[in-house]
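**Q** First the structure, then my questions, so here it is.
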């Protein structure tokens, strides 16, 4: 679990419990109760767990309290508090759909062999307006086969993310993968949430034939990279796939060129440069990639100035657009942007982490030899995509560093290095 932001207020256990118990009618009582519930995940003690259970028992219907109760349920799941299972079970019958969702998720995190509790979760599939995706996933994670018949109707559900989860969960529960091509098809769905969600479903089924499609999907690089890494690590570790089968897909994701993406959107007429620049700020990366590809094809001369202008005005503080601007400046081989790209390489702010790997790739695309020692130094990073990107760019700049990472702690970097070395020596 990523805990970088888990205790940003530096609260002690006593302070967090005090906030959780704070009366609702005090100033800012709501958000403080929520903050208390959120920060108790840092203290896996009986006191914290009991305070969270007590908070759930407070049935005050005020919105502020409902939000705090939901967070308390989630925190108990994160703490894997088995003693909380009885109260979490009682939450399954509440009218607050988000409360039910959090309770199901938390029970899944804690784990149980109580068949009656699993049956209660499965029965939620017959109740209207629930968060069915979480319920279906949780039942599959428990390998609860009595839920199969209740899950089947959701393979035709109107919400694509639920439909994807149902198909994948039935594959897990029955061992029949014959419908998994339908889940792969969701990678090209118009709905961005369906595209993102189906990657988790493909991971859960360990559906290795989807790796190349994931690499080309019009989704944020973070989603795709996580999918490939988890599938590749499982497949290679189990001896079910060889690194050579996934190498090109992994390289494609790290380089992340818009021309390598299978687009789901299209333009009905050539768009203006101004329009394309604005599209780089879109939350749907499918639209960002189409804008980047079109910008490279139609406006390669004018693009650098436009990118630098939007960087100065806005993209320097928007982590999505920042990522695309850095990457495009490299693909445009705009050498005057060297210092700006270098700055991105060294930006350690958590929200700008995608831009670091993009900057490493951009430096290789610039073909600037003075970047070599900087990329070599950056190889000391523990961040997978940044290290892999540095290795690819160093190779592009004529430097073969594969031997230095032949025993790397990361399975995929080690596999890449040994695959490269074997091809060089053969």
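**Q** In this structure, is residue 101 within 20 Å of residue 161 (Cβ to Cβ) and either over 26 Å from the mean Cα position of the chain (by Cα) or part of a helix (DSSP H, G or I) (or both)?
**A** yes
**Q** Additional query: Can you report the number of residues in segment 201-212 which are surrounded by fewer than 19 Cβ atoms within 10 Å (Cβ to Cβ) and either within 11 Å of the chain's Cα centre (by Cα) or at negative phi (or both)?
**A** Looking only at that region, the number is 4.
**Q** Then there is this: Given the structure, is residue 11 over 18 Å from residue 103 (Cβ atoms) and at pLDDT below 90?
**A** Spelling it out, residue 11 is indeed over 18 Å from residue 103 (Cβ atoms) and at pLDDT below 90.
**Q** Return yes or no: is residue 362 at pLDDT below 95 and part of a helix (DSSP H, G or I)? Please lay out each step first, then the result.
**A** Details: at pLDDT below 95: no; part of a helix (DSSP H, G or I): yes.
No; evaluated as a whole, the condition is false for this residue.
**Q** Name the residue, out of 82, 87, 56, that is within 20 Å of residue 31 (Cα to Cα) and either free of Cβ contacts under 8 Å to residues at least 40 places away in the same chain or in the same structural domain as residue 24 (by TED's automatic domain parsing) (or both).
**A** So the residue among 82, 87, 56 that is within 20 Å of residue 31 (Cα to Cα) and either free of Cβ contacts under 8 Å to residues at least 40 places away in the same chain or in the same structural domain as residue 24 (by TED's automatic domain parsing) (or both) is 56.
**Q** Still on this model: Can you tell me which residue among 183, 264, 221 is over 23 Å from residue 325 (Cα atoms) and touching a residue at least 12 places away in the same chain (Cβ under 8 Å)? Give the derivation first.
**A** Numbers: 264 fails: over 23 Å from residue 325 (Cα atoms); 221 fails: over 23 Å from residue 325 (Cα atoms).
Selected residue: 183, the only one of 183, 264, 221 that is over 23 Å from residue 325 (Cα atoms) and touching a residue at least 12 places away in the same chain (Cβ under 8 Å).
**Q** If residue 344 satisfies every condition in (1) touching a residue at least 24 places away in the same chain (Cβ under 8 Å); (2) in contact with a helix residue (DSSP H, G or I) (Cβ under 7 Å, 6 or more places away or on another chain); (3) in a helix (DSSP H, G or I) but one, which is the exception?
**A** (1)
**Q** Checking the structure you have, find out if any residue of segment 342-353 is modelled with pLDDT of 95 or more and farther than 18 Å from residue 375 by Cα.
**A** The answer is no; no qualifying residue exists.
**Q** Take residue 123 and tell me if it is in a helix (DSSP H, G or I) and more than 21 Å from the chain's Cα centre (by Cα).
**A** yes
**Q** May I pose another question? Which of the residues belonging to segment 274-321 are assigned to a loop (DSSP other than H, G, I, E, B) and more than 25 Å from residue 353 (Cβ to Cβ)?
**A** Scanning segment 274-321 gives 299, 300, 301, 302.
**Q** Looking at 64, 32 in this structure, which one is surrounded by fewer than 18 Cβ atoms within 10 Å (Cβ to Cβ), part of a helix (DSSP H, G or I), touching a helix residue (DSSP H, G or I) at 6+ places or on another chain (Cβ under 7 Å) and modelled with pLDDT under 95?
**A** 64
**Q** If you check residue 339 against the conditions, is it assigned to a helix (DSSP H, G or I) and within 19 Å of residue 224 (Cα to Cα)?
**A** Working: assigned to a helix (DSSP H, G or I): yes; within 19 Å of residue 224 (Cα to Cα): no.
For residue 339, the condition - assigned to a helix (DSSP H, G or I) and within 19 Å of residue 224 (Cα to Cα) - is not met.
**Q** So, in segment 332-346, exactly how many residues are surrounded by fewer than 21 Cβ atoms within 10 Å (Cβ to Cβ) and closer than 20 Å to residue 394 by Cβ?
**A** Matching residues across segment 332-346 total 7.
**Q** While we're looking at this one, here's another question. Does segment 251-265 contain at least one residue that is surrounded by fewer than 22 Cβ atoms within 10 Å (Cβ to Cβ) and out of contact with any helix residue (DSSP H, G or I) (no Cβ under 7 Å at 6 or more places or on another chain)?
**A** no
The values are calculated or read from the model by the stated rules, or taken from the named source; none is laboratory data. Computed from a prediction, not measured in an experiment: that's the story for all the values here. No Cβ is skipped: glycine too gets one built from the backbone with ideal geometry, and neighbour counts run over all protein chains shown.
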